[in-house]
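**Student:** One structure, as structure tokens, below. Some questions next.
The values are calculated or read from the model by the stated rules, or taken from the named source; none is laboratory data. On a predicted model such as this, the values are computed, not experimentally measured, just so you know. We place every Cβ from the backbone using ideal geometry, glycine too, and count neighbours over all the protein chains shown.
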Protein chains: 2
Amino acid sequence: MSLDQIFAARTQRMKASEIRELLKLLDRPGILSFAGGIPDPELFPTRAFAGAMAEVMDHDGRAALQYSVSEGYLPLRRWIAGHMARLGIACDADQVLITSGSQQALDYLGKLFLSPGDTALVTAPTYLGALGAFNPYEPRYDRLEPRANRAPQDIAQAARAAGSEVKFAYLSADFANPTGETLDQAGREAVLDMAEALDCAVIEDGAYQALRYRGREVPTLLALELARKGDLDACRTIYTGSFSKTLSPGLRVGWVVAARPVIRQLVLMKQASDLHSPSFNQMAVHAVAQSRFDDHVAMLRRVYGRRCEAMLEALGRHMPAGVRWTRPDGGMFVWLTLPQANASDLLAHALAQYDLAFVPGRAFFADGSGDDTLRLSFSCAGEALIDEGMARLGAAIRDLAGGAGGGA
Amino acid sequence: MSLDQIFAARTQRMKASEIRELLKLLDRPGILSFAGGIPDPELFPTRAFAGAMAEVMDHDGRAALQYSVSEGYLPLRRWIAGHMARLGIACDADQVLITSGSQQALDYLGKLFLSPGDTALVTAPTYLGALGAFNPYEPRYDRLEPRANRAPQDIAQAARAAGSEVKFAYLSADFANPTGETLDQAGREAVLDMAEALDCAVIEDGAYQALRYRGREVPTLLALELARKGDLDACRTIYTGSFSKTLSPGLRVGWVVAARPVIRQLVLMKQASDLHSPSFNQMAVHAVAQSRFDDHVAMLRRVYGRRCEAMLEALGRHMPAGVRWTRPDGGMFVWLTLPQANASDLLAHALAQYDLAFVPGRAFFADGSGDDTLRLSFSCAGEALIDEGMARLGAAIRDLAGGAGGGA
């Protein structure tokens, strides 16, 4: 007997992430990689953290090492409430739950809403990690198309026909992973209208929200819904935030802001699943956020913004005709659509001939489409390397187009 | 509409833990409390952690703040493999997964094995947090009675009659929370025999394993099974360990040791649910474990051992006839059975009249029994306070017995 014979049915939906397996191969030395979607560690506030950590251990070491409450460290929840207020979201500390990164919030929200067969609406493409978090709860997926004006009754009817109920729409409205795109205010209002019509929740993934490089801030969906309703406890939008893209991913500190009935149930889930996020980490993040969040984020915006610009310019210089790409206002990614080539074939060729890596887009689609797309990350590359990388990518695409044309 | 209308069915099984709600009341100043089951923060290696943390930030700060692999920090997994070898469990680093406390391991194991209605065998009483972790996966519970020689075919038949399948037996064999009791080797072998007959997994919770104060170490269930089979990958026992009771609970570092097919699936689960445990915490725990685990645990054994002894002696001095209690060889708890009184009534009386707190035992039973039991923790109280506390407890029990007898 082998124990995998008695694993629960949900494990059938939990596969190794293609992209993570790929990243292990791609990040080998000598490869010019635009694959990993991670912050540049050279930009971490390492010295500030070292100082804050020493102070936490000096003044409050025993509390930092002891069990603490499932809701999260109160001074940090208060700081987050202040941060959310600046995004137009007035909330109290008891409408905030600290999670171990916003990834954990996505897991909890899947667990909170999804019985097997329930419908989750996701964009195509969407954040791969959201699919990974939701899959163990065995949802049915349908497409969220904020710009296409898909009628709510069609979505509801398709769900009913599948014996399913729509539980939530999940989206990242600002500089989404993987496309880098931002949903405009009309699109956000349309998602809220749709959620009202479907009587479902909205999960707004704000992981990249702070990293805007140009253009004007668009109000978050939660801010827009709050403006309609006047009371966060009446809102159906659940906002997930993270310090991973601003201060540090490795400390695993994120948060959820939502109506109290949602937070209360999530606190029970947190208690049952890992008791609480590490006390020490919350205290250290609080100290650094309090002393330098704005300054640090301003620096990140300048540096990442230059890299983003450099990538867009290099794409303009080096891409052959027919290749299309997004023009992000923030975040870490540019999304390419190829005129005909398969992005997995292109990756094999780019790796073999040009020591160049990126992520084929297919993994970001719940329905297995997207063969002609790929994701480029500009977060970790200097501007000269970006130009060199895009030149190689252009050459690789031309090779394949020529090869396809010539039958070689 | 309120979002709780569309919560998944599993949320019906996720209630606020009585004991946690109680602890908020009980730990108020002026109360002499034996309720909280937490380590004494005065015994934390706080200075060692402060030094280790400073060194981690100095030498490897960027890696400590960056994303890392879902499996866990390799040097820590290697240290744990060495630690397990000393428990008679030869294993490789890829048979170890780092979790955020062993609580997270219990959540993952529920998620791994339990479809709604599947049977989990648990002792009565059992660790409350295990029930909390398993409940969202909607199991049926049946009793694990290692000493009662319950026939596996009876357990299997009861499961079949309920349309259920037995997936695992969960137990803490050493100094269990809440009873403090240790299962002898014959009992452990019997659990393994039963699991073979039922073809189910065994989850061995080793949270308190290192805290032995007297008597000889009993081999873990996993070591016994490994001795039978010679290959960890052939074993059905899954061992969960934790640094929470030895080094620090607040850093949330625990582990699972199991056969590779189990670890591989748990790694996918970890990736989907929170990506990885905090890089920094794993590095800091590794540094402190490497430099002083044995010395630190030896100190804890001396101090907690004296407190345990003091409580047993004080119970002998102060308990009225008819009260029974366990005589733990380690851990943090003594378990009392009252001759007739209800422990919740006793708590109300003890709080009101004696400023004394403990935890009524009922919450530790999956089947709602145990009204006549209570848990005392000796981990955080000095020896003089223990004597005073047990004197008050004896008086409170006598009051209630007198009251019951006299009808007052």
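**Student:** Any idea how many residues of the stretch A:248-289 are outside any loop (DSSP other than H, G, I, E, B), facing another protein chain (nearest Cβ under 7 Å) and among the small types (Gly, Ala, Ser)? If you could, list the steps in order and put the result at the bottom.
**Tutor:** Step one: of the stretch A:248-289, the residues outside any loop (DSSP other than H, G, I, E, B) are A:254-257, A:260-274, A:279-289.
If we keep only those that are facing another protein chain (nearest Cβ under 7 Å) as well, we get A:261-262, A:265, A:268-269, A:271-274, A:279-281.
Among the residues that remain, those that are also among the small types (Gly, Ala, Ser) are: A:272-273, A:279.
The number of residues fulfilling the criteria is 3.
Here is a yes/no grid of residues against (1) over 21 Å from A:ASP294 (Cβ atoms); (2) under 17 Å from the mean Cα position of the chain (by Cα); (3) of a type in the set (Lys, Arg):
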position	(1), (2), (3)
A:LYS167	yes, no, yes
A:ASN177	yes, yes, no
A:GLY180	yes, yes, no
A:ASP184	yes, no, no
A:GLY187	yes, no, no
A:LEU192	yes, no, no
A:ASP199	yes, no, no
A:LEU211	no, yes, no
A:ARG214	no, no, yes
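**Student:** I need a count of the residues in the stretch B:129-167 that are within 14 Å of another protein chain (Cβ to nearest Cβ) and polar (S, T, N, Q).
**Tutor:** 2
**Student:** OK, next. Here's a check for you: in the stretch A:11-25, which residue that is aliphatic (A, V, I, L, M) and more than 7 Å from chain B (Cβ to nearest Cβ) is surrounded by the most Cβ atoms within 10 Å (Cβ to Cβ)?
**Tutor:** A:ILE19
**Student:** On to the next question. If only one of B:ASP94, B:ASP58, B:ASP107, B:ASP40 is over 30 Å from A:TYR137 (Cα atoms) and not assigned by TED's automatic domain parsing to the domain that holds B:LEU376, which one is it?
**Tutor:** Among B:ASP94, B:ASP58, B:ASP107, B:ASP40, only B:ASP58 is over 30 Å from A:TYR137 (Cα atoms) and not assigned by TED's automatic domain parsing to the domain that holds B:LEU376.
**Student:** Given (1) charged (D, E, K, R); (2) farther than 30 Å from B:PHE134 by Cβ; (3) within 26 Å of the chain's Cα centre (by Cα), identify the lone condition not met by B:ARG392.
**Tutor:** (3)
**Student:** Right, another one. Inside the stretch B:343-358, can you point out the residues that are among the small types (Gly, Ala, Ser) and assigned to a helix (DSSP H, G or I)?
**Tutor:** So the first thing to find is which residues in the stretch B:343-358 are among the small types (Gly, Ala, Ser), and the list is B:343-344, B:348, B:350, B:352, B:357.
Passing the criteria: B:ALA343, B:SER344, B:ALA348, B:ALA350, B:ALA352.
**Student:** Across the stretch B:51-78, what is the total count of residues that are of a type in the set (A, V, I, L, M, F, W, C) and surrounded by 20 or more Cβ atoms within 10 Å (Cβ to Cβ)? Walk me through how you get there before you give the answer.
**Tutor:** First, pick out the residues of the stretch B:51-78 that are of a type in the set (A, V, I, L, M, F, W, C): B:52-54, B:56-57, B:63-65, B:69, B:74, B:76.
If we keep only those that are surrounded by 20 or more Cβ atoms within 10 Å (Cβ to Cβ) too, we end up with B:52-53, B:56-57, B:64-65, B:76.
Residues in the stretch B:51-78 being of a type in the set (A, V, I, L, M, F, W, C) and surrounded by 20 or more Cβ atoms within 10 Å (Cβ to Cβ): 7 in total.
**Student:** Got a number for residues in the stretch B:70-100 being outside any helix (DSSP H, G or I) and either more than 9 Å from chain A (Cβ to nearest Cβ) or of a type in the set (Gly, Ala, Ser) (or both)? Spell out how you get there, then give the answer.
**Tutor:** Within the stretch B:70-100, the subset outside any helix (DSSP H, G or I) is B:70-73, B:87-92, B:96-100.
Filter once more, so that each one left must be either more than 9 Å from chain A (Cβ to nearest Cβ) or of a type in the set (Gly, Ala, Ser) (or both): B:70-73, B:87-92, B:96-98, B:100.
Total meeting the criteria: 14.
**Student:** Then there is this: Answer yes if at least one residue in the stretch A:56-65 is within 10 Å of another protein chain (Cβ to nearest Cβ), outside any helix (DSSP H, G or I) and not polar (S, T, N, Q), and no otherwise.
**Tutor:** No, there is no match, as no residue in the stretch A:56-65 is within 10 Å of another protein chain (Cβ to nearest Cβ), outside any helix (DSSP H, G or I) and not polar (S, T, N, Q).
**Student:** When you scan the stretch A:26-45, how many residues do you find that are buried (at least 19 other Cβ atoms within 10 Å of the Cβ) and within 7 Å of chain B (Cβ to nearest Cβ)?
**Tutor:** Looking only at that region, the number is 1.
**Student:** Given the conditions (1) within 13 Å of chain A (Cβ to nearest Cβ); (2) not in a strand (DSSP E or B), report the number of the one that B:ILE238 does not fulfil.
**Tutor:** All conditions are met except number (2).
**Student:** Another question, then. So which residues in the stretch A:106-121 are surrounded by 23 or more Cβ atoms within 10 Å (Cβ to Cβ) and of a type in the set (Gly, Ala, Ser), if there are any at all?
**Tutor:** A:GLY110, A:ALA120
**Student:** Scan the stretch B:198-238 for residues that are within 21 Å of B:LEU112 (Cα to Cα) and surrounded by fewer than 19 Cβ atoms within 10 Å (Cβ to Cβ) and jot them down.
**Tutor:** Across the stretch B:198-238, the qualifying residues are B:ASP199, B:ASP233, B:ALA234.
**Student:** Further, regarding this structure: With B:ALA234, B:ALA197, B:ALA227 as the choices, which residue is assigned by TED's automatic domain parsing to the domain that holds B:ASP118, out of contact with any strand residue (DSSP E or B) (no Cβ under 9 Å at 6 or more places or on another chain) and closer than 16 Å to B:LYS167 by Cβ?
**Tutor:** Working: B:ALA234 fails: closer than 16 Å to B:LYS167 by Cβ; B:ALA227 fails: closer than 16 Å to B:LYS167 by Cβ.
Sole residue among the options that is assigned by TED's automatic domain parsing to the domain that holds B:ASP118, out of contact with any strand residue (DSSP E or B) (no Cβ under 9 Å at 6 or more places or on another chain) and closer than 16 Å to B:LYS167 by Cβ: B:ALA197.
**Student:** With the checklist (1) within 16 Å of B:GLU309 (Cβ to Cβ); (2) assigned to a loop (DSSP other than H, G, I, E, B) in hand, flag the one item B:GLY370 doesn't pass.
**Tutor:** (1)
**Student:** Any idea which of B:SER344, B:SER379 is among the polar types (S, T, N, Q) and closer than 28 Å to B:PRO45 by Cα?
**Tutor:** From the options B:SER344, B:SER379, the qualifying one is B:SER379.
**Student:** Could we say that A:ALA124 is in contact with a Phe, Trp or Tyr (Cβ under 6 Å, 6 or more places away or on another chain), surrounded by fewer than 20 Cβ atoms within 10 Å (Cβ to Cβ) and in contact (Cβ under 8 Å) with a residue 60 or more places away in the chain here?
**Tutor:** yes
**Student:** May I pose another question? Could you give every pair whose Cβ atoms fall below 6 Å, whose first residue belongs to the stretch B:373-397 and is outside the structural domain of B:LEU347 (by TED's automatic domain parsing) and surrounded by 21 or more Cβ atoms within 10 Å (Cβ to Cβ), and whose second residue is assigned to a loop (DSSP other than H, G, I, E, B) and at pLDDT 95 or above, counting only separations of at least 6 or pairs across chains?
**Tutor:** Sorted first by the residue in the stretch B:373-397, then by its partner, the list stays empty.
**Student:** Counting only residues that are among the basic types (Lys, Arg) and at pLDDT 95 or above, which one in the stretch A:144-184 is surrounded by the most Cβ atoms within 10 Å (Cβ to Cβ)?
**Tutor:** Only one residue fits best here, namely A:LYS167.
**Student:** Considering each residue of the stretch B:259-314, count those that are more than 23 Å from B:ILE98 (Cβ to Cβ) and hydrophobic (A, V, I, L, M, F, W, C), and give that number.
**Tutor:** Residues meeting the conditions: 8.
**Student:** While we're here: Would you call A:SER244 more than 23 Å from B:SER2 (Cβ to Cβ), at pLDDT 95 or above and in contact with a strand residue (DSSP E or B) (Cβ under 9 Å, 6 or more places away or on another chain)?
**Tutor:** The answer is yes for A:SER244.
**Student:** Sticking with this one: When you scan the stretch A:243-292, how many residues do you find that are within 21 Å of B:SER248 (Cα to Cα) and touching a Pro at 6+ places or on another chain (Cβ under 7 Å)?
**Tutor:** Going through the stretch A:243-292 one residue at a time, the tally reaches 7.
**Student:** Scan (1) touching a strand residue (DSSP E or B) at 6+ places or on another chain (Cβ under 8 Å); (2) farther than 22 Å from B:PRO278 by Cα; (3) more than 9 Å from chain B (Cβ to nearest Cβ); (4) not polar (S, T, N, Q) for the single condition A:LEU114 breaks and write down its number.
**Tutor:** Among (1) touching a strand residue (DSSP E or B) at 6+ places or on another chain (Cβ under 8 Å); (2) farther than 22 Å from B:PRO278 by Cα; (3) more than 9 Å from chain B (Cβ to nearest Cβ); (4) not polar (S, T, N, Q), the lone unmet condition for A:LEU114 is (3).
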